[in-house]
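As structure tokens, the structure follows; a few thoughts come after it.
The values are calculated or read from the model by the stated rules, or taken from the named source; none is laboratory data. Worth saying up front: this structure is predicted, and the values here are computed from it rather than measured. Glycine gets a Cβ as well: all are built from the backbone with ideal geometry, and neighbour counts include every protein chain shown.
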Amino acid sequence: MATTQQKRDYYDVLGVDRSATRDQLKQAYRQLALKCHPDRNKDPDATAKFREIAEAYAVLSDDAKRREYDATGHVGVGERWTTEDLMRDFQFGDFFGGRFDDLSSIFGDFIGRRAGPSRGAARGADLRYDLDLAFEEAAKGGERIIHITRSEKCDTCRGSGAKPGTTPTKCSECNGTGQKQEVKTGKGMRMVTLTTCAKCHGRGQWIETPCDACRGNGVQFAPHSLKVQIPAGIDDGMMIRLAGQGEANANGGPPGDLLVRTHLRPHPSFERHGDDLYTVTTVGFPEAALGTKIPVTALGGETIRVTVPAGTQSGTSLRLPGKGMPRLGGKGKGDLFVVVEVRTPTDLTARQKKLLEELTGLETKRNRDEVQR
């Protein structure tokens, strides 16, 4: 599973408020990047600072990534996107108008495959798994075992696709390149088209005698049981990435990732809004008028006695700090809001009606006296 190292808050890195606009973010990034660029700044940690600034801006300048970061912090972003994903659409040279000749070289493995043309076999395909979680599981976090079926390198032929005792040969159609090149010339123009070799399907090798176990594919399907670490406070729709647990690649490339998307079952008593929880409790008219204390069950079963102030109106929210959902990254908890509904009696006795009529008369007299003053 992807891990998230301890990082500074992205807003602190750029020195902006959490409500900063896109233009404010861009201006802050431009100033800091020019200041910390290694071509200008000879401090030993200039490159590291430049990387940190660029990553912060790449996340906060993207609306989807910014929403995820605001909701889940570094943990949620790190589980949902790799560093390469974060930087994929960020063009450094375009941003500075070509002011620096080789910005991408500063980042090295920080931006991975974007630094130059791809070499070697591509990654295997990513897999997706939908994980159903109870509300309490999302709050507590922990470990879950999931069961998947995925392709992996064939044990019989060790991924070559050829029957044991034989070896693949170079494809005669593409000369081992996996691609066919077609050149068209006309009107002073030369057009080159590259297509996947139809004979070897891009592998560059021809298998004369296919492996009986995998039928020449080099991979087989097999069941697996995997452990998934669920961070406390995870929300519905968030993604947990298990690096290298996706599909194998028949051409020898690294495997893809397994993306686990969480789905939270509704809770009968609580409604979630970010890290805050809301629950509804009902009190009678006399209790709302005179004030009272009521027991409220928080998430996890804890019973809390909540004071309902005298004169509380229906729809009033009483806030219980720190009794909501855990915040991702271990930064405390949200709040629990108890929404009070005042119950109006419908089956009054004669005595109750008389008392209410007397109360109404007294209230009317008081309002009249206040007007006369």
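Couple of notes before you dig in:
- Segment 1-88 holds helices (runs of 4 or more DSSP H) entirely within its bounds, and those carrying 2 or more residues that are modelled with pLDDT under 75 map to 63-80, 83-87.
- The residues of segment 119-130 that are among the basic types (Lys, Arg) and either modelled with pLDDT of 95 or more or over 18 Å from the mean Cα position of the chain (by Cα) (or both), listed by number, are 119, 123.
- Only listed residue being in contact (Cβ under 8 Å) with a residue 24 or more places away in the chain and over 18 Å from residue 248 (Cβ atoms), chosen from 163, 180, 184: 163
- If you go through segment 284-311 and pick out every residue that is within 30 Å of residue 359 (Cβ to Cβ), within 40 Å of the chain's Cα centre (by Cα) and polar (S, T, N, Q), you end up with 1.
- Checking segment 94-103 against the condition returns no match, with no residue being of a type outside the set (A, V, I, L, M), at pLDDT 60 or above and not in a helix (DSSP H, G or I).
- Only a single item in (1) out of contact with any Asp or Glu (no Cβ under 9 Å at 6 or more places or on another chain); (2) within 26 Å of residue 136 (Cα to Cα); (3) among the hydroxyl-bearing types (Ser, Thr, Tyr) is not met by residue 281, and it is number (1).
- Checking the stated criteria, residue 228 turns out to be of a type outside the set (D, E, K, R), outside the structural domain of residue 72 (by TED's automatic domain parsing) and either in a loop (DSSP other than H, G, I, E, B) or within 30 Å of residue 261 (Cα to Cα) (or both).
- Hits in segment 202-225 - residues which are closer than 12 Å to residue 156 by Cβ, among the basic types (Lys, Arg) and surrounded by 14 or more Cβ atoms within 10 Å (Cβ to Cβ): none
- Residue 269 under 30 Å from residue 296 (Cα atoms) and polar (S, T, N, Q): yes
- Being assigned to a strand (DSSP E or B) and exposed (fewer than 14 other Cβ atoms within 10 Å of the Cβ) is true of residue 319.
- Checking segment 178-201 against the condition returns no match, with no residue being farther than 30 Å from residue 360 by Cβ, surrounded by 15 or more Cβ atoms within 10 Å (Cβ to Cβ) and either modelled with pLDDT under 80 or in contact with a helix residue (DSSP H, G or I) (Cβ under 6 Å, 6 or more places away or on another chain) (or both).
- One residue stands out among those in segment 131-163 that are part of a loop (DSSP other than H, G, I, E, B) and surrounded by 13 or more Cβ atoms within 10 Å (Cβ to Cβ): the one that is farthest from the chain's Cα centre (by Cα), which is 163.
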